[in-house]
Amino acid sequence: MKKVGIGILSAALISACTCASGFAADAAKVRAIADAAIKPVMEKNAIPGIAVGITVDGEQYVFTYGVESKETGRPVAPTTLFELGSISKTFTATLASYADAKGAFSLDRKVSTYLPAMKGKPFGDVVLINLATHAAGGFPLQLPDDVKTEKQLLSYFAAWQPSYAAGTQRSYANPSIGMLGYMTAKAMGGDFAALMEGKLFAALGLESTYINVPKSRMADYAQGYKRNGEPARLTPALLSSEAYGVRSTAGDMIRFVGANMGLVKLDGTLQQAITSTHTGYFSVGAMTQDLIWEQYAYPATLASLLEGNSPAMLKTIPVSELRPPMKPRDDVWINKTGSTNGFGAYVAFIPQERLGIAILANKNYPNEDRIAAAYRILTALTAE
């Protein structure tokens, strides 16, 4: 196949929109705002393709730029699938919250309730809420490379020793949210991926969101690229489905964002579960740690958002526990970043303004550029 150069892409970005009929004038205005923020980011980081979903007071828009693959030159479309990276964790937290709301699970209980083999072990004493807030006592960012089977996984957690008291430090970690998803699925009596795709995604009305991309949709799966330009896609591993394994479209992600603001009609129990994920449990500087989601008092400054999403947040950081937990509120900026080797994503929403955004790219690029672009777009929309 003929390769398509980045320079050509930058000069001839392809941009499209899908939105409700009768809102053409609004769509043009929203698109102009998106173009002004997204095109410079693509140029700066040599990103082959981006899809942006924006929700404005219940109206949803999708704009697409560039190509799915430098090899084929196929344009990004509303149907293009991107890897979400750690934004996948928000779905895992939602499934756990939904199981809690349905009475099949309780985030206030200890691990040993759902994994009896962990009784008498430090991991067995961890309260599940701490697994969803990165405050369980200290896990590495990734599982050790030698943990490859379920038996080895359970042996690893049985031998785990905390580095600090639960609820005192934040250590961003895939193993903790991964095990929350693992236990949620066991409590619900099913396979994690099947529960996500067959129950949660279906109940949310997400028709193009997958853990396992079906053969019929592989042609829509964008090729990802590392920061050095090498092609890359996700390689499944233990707990990858629970921690960073979801693929989706900008349209589905902006629907999920809308659902998080109560702008999508859903089953009442599911809406309750979604809203509960916005409960604040710990404060870390200007950021409040919810169930995976991270929130800031609104209006939020760009500086605070950049600090809260900086590489320093992947280290172990002291936290202040909120007692009682902060109830979900509207005057906040809620966000989550996500990356894999070949993809970079960011979602953010402001319930008070009924505004939200999802930016999906087929290249891993710096968080600060994603956040600055989203901030520019949402700030411009609040001024309209």
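The values are calculated or read from the model by the stated rules, or taken from the named source; none is laboratory data. Remember, predicted model here, so these are calculated numbers, not experimental data. No Cβ is skipped: glycine too gets one built from the backbone with ideal geometry, and neighbour counts run over all protein chains shown. Surface accessibility is based on the protein's heavy atoms, side chains included, excluding ligands, DNA and RNA. Shrake-Rupley method; radii C 1.70, N 1.55, O 1.52, S 1.80 Å.
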Study note, to complete from the structure: Expected output for the stretch 117-132 (first residue touching a residue at least 40 places away in the same chain (Cβ under 8 Å) and among the small types (Gly, Ala, Ser), partner crowded, with 23+ Cβ neighbours inside 10 Å and in a helix (DSSP H, G or I), Cβ below 7 Å, 6+ apart or cross-chain) is Ala132/Ala93; Ala132/Ala96; Ala132/Ile177; Ala132/Leu180
Review point. Taking the stretch 219-244 only, how many residues are in a helix (DSSP H, G or I) and among the small types (Gly, Ala, Ser)?
Key: 4
Revision key, fill the gap. Out of (1) open to solvent by less than 10 Å² (accessible area, probe 1.4 Å); (2) in contact with a strand residue (DSSP E or B) (Cβ under 6 Å, 6 or more places away or on another chain), the one Ser320 does not meet is (1)
Revision key, fill the gap. Per the filter on the stretch 291-324, residues under 16 Å from Gly138 (Cα atoms) and basic (Lys, Arg) are Lys315
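Considering only helices (runs of 4 or more DSSP H) fully contained in the stretch 245-362, which possess at least 2 residues that are under 23 Å from Leu206 (Cα atoms)?
On the way: elements: 250-260, 268-276, 302-308.
Correct list: 250-260, 268-276.
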Practice item. Confirm whether Ser216 is assigned to a strand (DSSP E or B), surrounded by fewer than 22 Cβ atoms within 10 Å (Cβ to Cβ) and not charged (D, E, K, R). Key: no
Practice item. Starting from residues that are among the β-branched types (Val, Ile, Thr) and in a helix (DSSP H, G or I), keep the ones in the stretch 105-137 and report whichever is surrounded by the most Cβ atoms within 10 Å (Cβ to Cβ). Key: Val111
Study note, to complete from the structure: Being without any contact (Cβ under 8 Å) to a residue 40 or more places away in the chain, more than 30 Å from Thr149 (Cα to Cα) and of a type in the set (S, T, N, Q) narrows Thr275, Thr301 down to just Thr301
Practice item. For residues that are assigned to a strand (DSSP E or B) and out of contact with any Pro (no Cβ under 9 Å at 6 or more places or on another chain), tally how many sit in the stretch 66-87. Key: 4
Point to revise | Residues that are among the β-branched types (Val, Ile, Thr), within 23 Å of Ser339 (Cα to Cα) and either modelled with pLDDT under 95 or in contact with a strand residue (DSSP E or B) (Cβ under 9 Å, 6 or more places away or on another chain) (or both), drawn from the stretch 153-212 | key: Thr209, Ile211
Point to revise | Criterion (open to solvent by less than 40 Å² (accessible area, probe 1.4 Å) and in contact (Cβ under 8 Å) with a residue 12 or more places away in the chain) met by exactly one of Leu378, Leu314 | key: Leu378
Point to revise | Residue ID - nearest to the chain's Cα centre (by Cα), chosen from residues in the stretch 37-78 that are of a type outside the set (D, E, K, R), within 17 Å of Phe343 (Cα to Cα) and open to solvent by 40 Å² or more (accessible area, probe 1.4 Å) | key: Pro78
Point to revise | Test result for Ser248, of a type in the set (Ser, Thr, Tyr), buried (at least 18 other Cβ atoms within 10 Å of the Cβ) and under 28 Å from Pro140 (Cβ atoms) | key: yes
Check your understanding: Any residue at all in the stretch 146-169 that is among the hydroxyl-bearing types (Ser, Thr, Tyr), at negative phi and in a helix (DSSP H, G or I)?
Key -> yes
**Study point:** Test: residue in the stretch 165-178 that is open to solvent by less than 60 Å² (accessible area, probe 1.4 Å), closer than 15 Å to Glu242 by Cβ, free of Cβ contacts under 8 Å to residues at least 60 places away in the same chain and not hydroxyl-bearing (Ser, Thr, Tyr)
**Key:** yes
Practice item. Output the residue which, of all residues in the stretch 219-242 that are within 19 Å of Lys151 (Cα to Cα) and of a type in the set (A, V, I, L, M), is surrounded by the most Cβ atoms within 10 Å (Cβ to Cβ). Key: Leu239
